[in-house]
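Shown next, in C-alpha cells, is the structure this report addresses.
What follows is calculated from the coordinates using simple rules that are stated; it is not laboratory data. All values reported here derive from a predicted model rather than from experimental measurement. A quick note on method: Cβ atoms are made from the backbone with ideal geometry, for glycine too, and the neighbour counts reach across all protein chains shown.
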Amino acid sequence: MEKEKLLELKNITKFFTSTLALSEANFDLYPGEVHALIGENGAGKSTMIKIITGIYKPDIGDIFLNGEKVIFRNPQDSYEAGIAAFYQEANLFQELSIAENIFMGHHDVYRATKTINWNNIFKKADALIKELGVKLNSHALVKSLGIAEKQLVEIIKALSSKSKILIMDEPTSALTAEEVKDLFTIIKRLRENGTGIIFVSHRLQEIFEIADRATVLRDGKIVGSLNKNELDEQKLIKMMVGRTIDNLYPKEKVKIDDDIVLKVENLKRVGEFEDISFNLRKGEILGFAGLIGSGRTEVARSIFGAEKIEGGKIYLNGKEVHINNPRDALDLGIAYLSESRGEYGLVLQLDITKNITLPNLKKFQRFGFLNKKKENKIAKIFYDLLDIRAKGLNTNVEDLSGGNQQKVSIAKCLATNAKVLLLDEPTRGVDIGTKAAVHKAMSDLAKERIAILMISSELPEIIGMSDRVLIMHEGHIKTELNKEELSQEKILSAAIGQ
C-alpha cells in the first residue's frame, strides 16, 4: 500500500438532536486497500458512510482526501471528489437500460445540439462491462435483472465516474456463494488498479477472505482496528457486541411431527418454475437452497398468493386451498417474509408499530376503531424480542438502519401468529447478535409446532438451521437432502446442476 492515505476521517462526531450517533471516530483508507467496517445494526456504520458521501455533515471533526481537507456540502460534492457508494437495496432506475443507469448524471452530449449521444453511451457501457469481465447486455432494462446483476451495474456505474473510493454496503447480503466468489474476483481486480474499498458486511467469513484491515464500531465509537493477520471470529464478535456468542445456531433438536401441514403438488408458473412438489411438517424447518434466479423466491411468493400459480395444487392440513392473493394466505395462517423489505416488506413512511401490526389490524379494532394501547403492546413484544434499535415504537421505518428495517420486517411476519411461515432471506443484512436472536426465535417457533420454509443464500445458515433441504436449479427441485447428508459441497453441486 502507498503511504499517502486516500481518505482520512479525524475525530468525526455527529449528533441527531440529543442522540450521539458517532463519537470522535477516526478512520482511514489507502489506495488498493479493502478496509472492512463492521458492527451491529445501529453501531454508527450508516452514519459514517453518509458523512463520507456528503449526505450528513459532521458536527465535529474533519475529512481529508489525499492529505487535503475537504468539506462536502452535499452528495454531489463527494461524488465529484471520486467517492461512490452502493447499498444492499440497489439505487437504480428500473425502467431504464443498464447503459442509461451507468451514465445517469454524466451523459455524453453533442456540443452543437446539446442532445444525448446515445451511440457513444452504449459503446462506453459495453467497454466498461467488458473491462469488468461480466456478462451483461447494456440495452437490457434494469427491472429484468436479478439482485446480483444490479449490484454489478452499481459497480460499473462507479467505475464510469472514475471513482477512486468505492463504498460497498452489504454487497453480498442476497448473493449465493458462487455469486460472492465472482464479486470478490472483481473486488480484487479493482484493488489491483488502486481503488480503495470500504466494505461493510455482517458475514465475518467474507471479511476474513477479502479484507486487508477491519475497523469495528460499537455504540457510535471506534472500538479498534485489526490487520488481516489479526482477524479472528470470536475476537471480532466480542469487539462488536461486547460479549462472545457461542450458539449462532440452536443446538437443541426439535422433534418434528408426522403431521403434514403444507403440501404442494406439481406447482407451475411458466418461465419461472414447474413440477414443484414437497411436504412441510409441523415443527419442521425446511431449507430452500439454490442460486439466485433458480425459482426459490417465486415458489414462496406463489404459495403466498403474491404471484399467480398456473398449475398444480396446494393443501393445508390435508384440505385443498385456493390462494388468490396474500389476504387469502394470511387468513389461512400462512405468512411471508419478503427478501426485498423496501419493495414488498415494509411501508417505510409508517412507524414501527404500524408496520408490525399492519397484517393484523382486525385484531386491534372494535366498532371500526383501533385499540392503540393493544396495538402498541403487541408491537413492543417483538420490538424487544429482536432488539430493534430506535428512539421508540413511533419512529418511522425509513429513519432506521437497513438491519433494523429487516428486524421490523421479521417482527411483522412473526406477529401474524401464522401456522406456516415462508421466510425469504430472514437474516439478510442483520448483525451477528440479531442473527442469533432470529435463529432462536425460529427454533422456539418450531417447538410450538410452527412449520417454517426458509430460503437462504448463506450455506452455513441452511446447514445450521434446516431439518431438511430442497435445492432448486433452473426452476426445478434438483435434490433433497436430510440433515445428516448436508454439506456445502453437496448443496453447491446440486445448485449448479451437477
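Brief remarks follow.
- Protection proxy ranking, peptides 363-373, 288-298, 112-122, average beta carbon neighbours within 10 Å, highest first: 288-298, 112-122, 363-373
- The convex hull of the Cα atoms of region 236-290, projected and averaged over all directions, covers 6.7 nm².
- Using the average count of surrounding beta-carbon atoms within 10 Å as a protection proxy, the listed peptides 412-418, 159-165 rank, highest first, as 412-418, 159-165.
- The chain, relative contact order [Cα under 8 Å, separation at least 6], %: 16 percent
- Put simply, when 400-411, 485-496 are sorted by average Cβ atoms within 10 angstrom per residue, most first, you get 400-411, 485-496.
- Paramagnetic reach from residue 482 (point 7 Å along Cα→Cβ, amide N under 20 Å) across region 257-284: 257-261, 278-284
- Relative contact order computed over region 7-241 (Cα-Cα under 8 Å; 6+ residues apart), in percent: 29 percent
- Region 300-372 and region 211-235: distance between their alpha carbon centers, rounded to Å: 40 Å
- FRET efficiency estimate (nearest 0.05) - Cβ-Cβ, residue 347 to residue 107, R0 30 angstrom: 0.30
- Cβ-to-Cβ counts within 10 Å put 239, 454 in ascending order as 239, 454, the fewest first.
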